[in-house]
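See structure below.
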Amino acid sequence: MADSGTNESTDSSATRKAPDGATEEELSIANTRPLKRLRALEVTFPEFVLHPEAKHVYLKFFSSSELGSICRALGTPVSTTYIRVNLLVTTREEMITQLTHFFQGRFVFEADPVMPEVIVCVANEEGFTKPLPTFPEVFVDSYCAGTILRGADVAAPGIVGMAPRIIAQGMNVSVFQTFGGVTATTLDFEAVKNKMFLGNGIVQMSRKEFLKSDHPAEEIGVRLVDRHFLIPSIGSMWSDSICVQSLPSILATRALDPQPGEIILDACAAPGVKTTHIATLMNNTGRVIAVDRKKSGIQKLNQRCDEWQLTNVRALTDDVTQLLWVGDLPIPYPKQISTGKMVFPPESVDRVLCDVPCSGHGIRPAWKDSNPFDLRDIANYQRRILLAAAYLVKVGGIIVYTTRTIC
């Protein structure tokens, strides 16, 4: 959720364009009022609703009250944003200056006291007036709403309904999350009761254009200019210099502790956020072997690496469980065999990051478990990844296992 960014000075950043071409004038509504933290708002978020099959599994590990507390927490957005800086091209101090200038003091950007590449962002504690939903309605699904509450604009594929009054691009709209009862052909949006207001913005397509075809994942449907919740929208600005990243994701790479000159395997690497973190901690030396089964994910990873000017990453579209070479070949790097498949000998890498595929039952905020995952199948595949990692890592090496789920 990235166009190329620039590393402009503070003086020139006043004319910088916001994500995907929106100008600062389009942000004038949001720029005129100070904000405060999410937790200070009188907002009640719905709790995360697990699929019955997943709930049955989790109740073997948690009591009903414990699982209820977890689901309520999963439905609540985080109030602190963490930003990782590409120290190969800029400094943390420079980025704090640029971010503070761009957001005009509405957010406080501070240096993390432990990690020199991390900026911590919280909203200002000054009072603020919430926007009112006074424009024609746009409804989005729960996944899209979650990305909005992490600072994104409205992705076109996440829109499930648009009011008939939206007849042209550029109109002001009010964006809601729907908890059911809305389809693309719904006409009476004012009658929808089960909804949550997310903010006002500028629509990028008419209702007719919304209805006529599928939309690519990267297409923006609405640019939010006045958010109901206090999250900085950084989007693709400075995409060569900074990256918004969750604290657990940052800590996973920190736990791996990659060193310059080492060979690191990122076993499930797409879309590449942790990969770029590993590569920069190694000062763009050594080798990071980034593997993922999804071709689109590897394409995104390569784009990130190009933007961050990283040359020590080798990306492979493959299943990491299929990359082990069992022949007796004392080689430090992968061998290209006749089938064109890249394989590795045992004990060939110094460290392995296993950010394994999972149910996603730990991503905040989320409200609905729409897919009935077979948790046992996921767990079996995770074991296979760990087994491959155990064979591939050198004696005395490090394996870090991380997943975005409850257990």
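The values are calculated or read from the model by the stated rules, or taken from the named source; none is laboratory data. A quick note: this is a predicted structure, and the numbers were derived from the prediction, not measured. Using ideal geometry, Cβ is built from the backbone for each residue, glycine included, and neighbour counts are taken over all protein chains shown. All accessible areas refer to the heavy atoms of the entire protein, side chains included, with ligands and DNA or RNA removed. Shrake-Rupley method; radii C 1.70, N 1.55, O 1.52, S 1.80 Å.
Return the residues of segment 306-352 that are within 15 Å of Ile264 (Cα to Cα), modelled with pLDDT under 90 and among the basic types (Lys, Arg); say none if nothing qualifies. Hits for segment 306-352: nothing passes.
Is it the case, given these coordinates, that Ala73 is at pLDDT 85 or above, among the aliphatic types (A, V, I, L, M), open to solvent by 10 Å² or more (accessible area, probe 1.4 Å) and part of a loop (DSSP other than H, G, I, E, B)?
So Ala73 fails the test.
Listed by first and then second residue, the pairs linking a residue in segment 119-135 that is part of a loop (DSSP other than H, G, I, E, B) to a residue that is among the hydrophobic types (A, V, I, L, M, F, W, C) and at pLDDT below 75, with Cβ atoms under 7 Å apart and 6 or more places separating them unless they lie on different chains, are Asn124/Leu35; Phe128/Leu35. Applying a threshold of 6 Å to beta carbon distances and a minimum spacing of six or more residues, or different chains, the list of pairs starting in segment 83-108 at a residue that is closer than 16 Å to Asn284 by Cα and at pLDDT 95 or above and ending at one that is in a loop (DSSP other than H, G, I, E, B) and open to solvent by 50 Å² or more (accessible area, probe 1.4 Å) reads Thr90/Asn7.
For segment 291-316, filtering for residues that are outside any helix (DSSP H, G or I) and either more than 15 Å from Pro357 (Cα to Cα) or of a type in the set (A, V, I, L, M) (or both) leaves 10. Whenever a residue of segment 200-226 is within 20 Å of Pro131 (Cα to Cα) and assigned to a strand (DSSP E or B), its partners that are open to solvent by 30 Å² or more (accessible area, probe 1.4 Å) and aromatic (Phe, Trp, Tyr), lying with C-beta atoms within less than 7 angstrom and at least six residues away or across chains, give the pairs Asn200/Phe135.
Before we move on, is Phe189 hydrophobic (A, V, I, L, M, F, W, C), at pLDDT 90 or above and in contact with an Asp or Glu (Cβ under 8 Å, 6 or more places away or on another chain)?
Numbers: hydrophobic (A, V, I, L, M, F, W, C): yes; at pLDDT 90 or above: no; in contact with an Asp or Glu (Cβ under 8 Å, 6 or more places away or on another chain): yes.
Considered against the rule, which asks whether it is hydrophobic (A, V, I, L, M, F, W, C), at pLDDT 90 or above and in contact with an Asp or Glu (Cβ under 8 Å, 6 or more places away or on another chain), Phe189 comes out as no.
Looking only at residues of segment 367-386 that are among the hydrophobic types (A, V, I, L, M, F, W, C) and touching a strand residue (DSSP E or B) at 6+ places or on another chain (Cβ under 9 Å), we find that the one that is modelled with the lowest pLDDT is Trp367. Gly360 satisfies every condition listed in (1) modelled with pLDDT under 90; (2) crowded, with 17+ Cβ neighbours inside 10 Å except (2). Against the criterion of being assigned to a helix (DSSP H, G or I), open to solvent by less than 20 Å² (accessible area, probe 1.4 Å) and modelled with pLDDT of 95 or more, Ile250 qualifies.
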